1. Go through segment 67-97 and give me each residue that's of a type in the set (D, E, K, R) and outside any helix (DSSP H, G or I).
2. Quick one: which residue in 229, 234 is open to solvent by 30 Å² or more (accessible area, probe 1.4 Å), in contact with a His (Cβ under 9 Å, 6 or more places away or on another chain), within 17 Å of residue 401 (Cα to Cα) and not basic (Lys, Arg)?
3. What number goes with the only condition from (1) of a type in the set (A, V, I, L, M, F, W, C); (2) farther than 16 Å from residue 330 by Cα; (3) open to solvent by less than 20 Å² (accessible area, probe 1.4 Å) that residue 153 does not pass?
4. Pairs, please: C-beta under 8 Å, at least 6 apart or cross-chain, first residue closer than 8 Å to residue 376 by Cβ and in segment 244-258, second outside any helix (DSSP H, G or I)?
5. Between a first residue in segment 305-317 that is without any contact (Cβ under 8 Å) to a residue 60 or more places away in the chain and a second residue that is of a type in the set (Phe, Trp, Tyr) and part of a helix (DSSP H, G or I), which pairs have beta carbons less than 9 Å apart while being 6 or more apart in sequence or on different chains?
6. Of the residues that sit in segment 95-147 and are of a type in the set (D, E, K, R) and in contact (Cβ under 8 Å) with a residue 40 or more places away in the chain, which one is most open to solvent (accessible area, probe 1.4 Å)?
7. Return yes or no: is residue 64 surrounded by fewer than 15 Cβ atoms within 10 Å (Cβ to Cβ), over 30 Å from residue 201 (Cα atoms) and either among the β-branched types (Val, Ile, Thr) or touching a helix residue (DSSP H, G or I) at 6+ places or on another chain (Cβ under 9 Å) (or both)?
8. Looking at segment 359-418, what helices (runs of 4 or more DSSP H) fall wholly within it and have at least 2 residues that are crowded, with 21+ Cβ neighbours inside 10 Å, within 20 Å of the chain's Cα centre (by Cα) and among the hydroxyl-bearing types (Ser, Thr, Tyr)?
Amino acid sequence: MTHEAAPTAPATTPATPARTLLPMVVPALLVGVGASLLLLGVSTTAEQLQDVLWQDLPDALGIGGYSSLWMIVMLTVTGVLVGLVVWKAPGHAGPDPATLGLTAVPMRPFILPGLLVATALMLAGGPSLGPENPIIAANVALAVWLGHRFRPALPGVLWPALAESATLGALFGTPVAAALVISEALAGRPMRGRLWDNLFAPLAAAAVGAATVDLIHHPAFDLQLPPIGSPHGGDVLAAVVIAPAAAALGMTVVYAFPYVHRAFARLRHPMVCLPAGGLVLGLLGALGGHLTLFKGLDEVGELARNPDGWTAGQFALMTVVKLAALLVAASCGFRGGRIFPAVFIGTAFGLCAHALVSSVHPAVGVSAGVLGILLAITRQGWVSLFTAAVLVASPTILTLLCIASLPAWLLVTGRPQMQLHDDGTSIR
């Protein structure tokens, strides 16, 4: 009589002991504080310079700060100044920003002053980019350099993860965004230990980074849109239509990105391509109005405060102009990221849908529009969902967004991303 072998229990991943995680706590706390302070320092400097360039200086000259002429002049001058930094600064303010994403390869520390100056000038001058990519790159470089110098016994891969998480926590004012990004990154890599063990130190860095910014700067992402109650069939339909439509709109920029980048690259010198890009951005600003300038976060709040204050045509114009401005700014060499401008584009797109069809709730239109654009531009599913949901503080929205993300993701997955290889071809 034969006996069948008893079924074996499925293998479980052993947990990392506390004595292994404990030495990472202090480095995570230090990186969290340092990364958030660097972000705040660059952002505060840029805000003060922005006030000088766009208020004090035009007032002293007796002209309107947001007149068409001043926008064209100011954006062109910004291109000249950033071009000068890229040309003359050691390391040329880092690699081509079109090749960078949220995950950064450590740079040599001598490159960072030029990168940070170029970023501050860009933020103050009006190009449609945010601070996330260059600040993450700078924090990663500093964390790796200082970590290897003072704590060489810790794993080398720890420092970039801490810096990225801390910066994302500081940018969004919450560690949740960092946890989602790190989880998504870990999904494609071999891991030792359980997922939460691998998230332990990055989550600590992100929490401290977020807490530091919250204590000093008090950021708020809730747009205070009219509240939405229990969802009905029309809300589901609106979200399922708007999110893929926004994703399709975003993909037009993704497909155009390598061609526009190649056109600016033919100008070869940063003192030519960046001023040329600045001139184009100034013309776009004159066309779309001052709300289409800058990274877009403050401008999103202005749109949301009066969702019925513009016509569908005006919302559509701002959407298209901001989309074109993001494409030009990301292609011509300005140092910056794409998340915050994409939030403005999605907000304007969603409010355009509300203006066209009054039954579309503004909160549904905005969150679905932001979700679709971010999925196309960043290809970060969790960050796109989180960002779209946090703009509208409602559990109902999250359910609608999870449903709407499915057709939008089918539209973008497997297609080119808005990030290039070193040879100028799109990353898939």
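The values are calculated or read from the model by the stated rules, or taken from the named source; none is laboratory data. What you see is a predicted model; the values in this text were computed from it and never measured. A quick note on method: Cβ atoms are made from the backbone with ideal geometry, for glycine too, and the neighbour counts reach across all protein chains shown. Only protein heavy atoms, including side chains, enter the accessible area calculation; ligands, DNA and RNA are left aside. Shrake-Rupley method; radii C 1.70, N 1.55, O 1.52, S 1.80 Å.
1. 96
2. 234
3. So residue 153 meets the others, but not (3).
4. Listed pairs, sorted by first residue: 251/415; 253/418; 254/415; 254/416; 254/417; 254/418; 254/426.
5. Matching pairs, first to second residue: 315/349; 316/349.
6. Across segment 95-147, the extreme among qualifying residues is 96.
7. In short, yes.
8. Ranges flagged: 362-378, 381-390.
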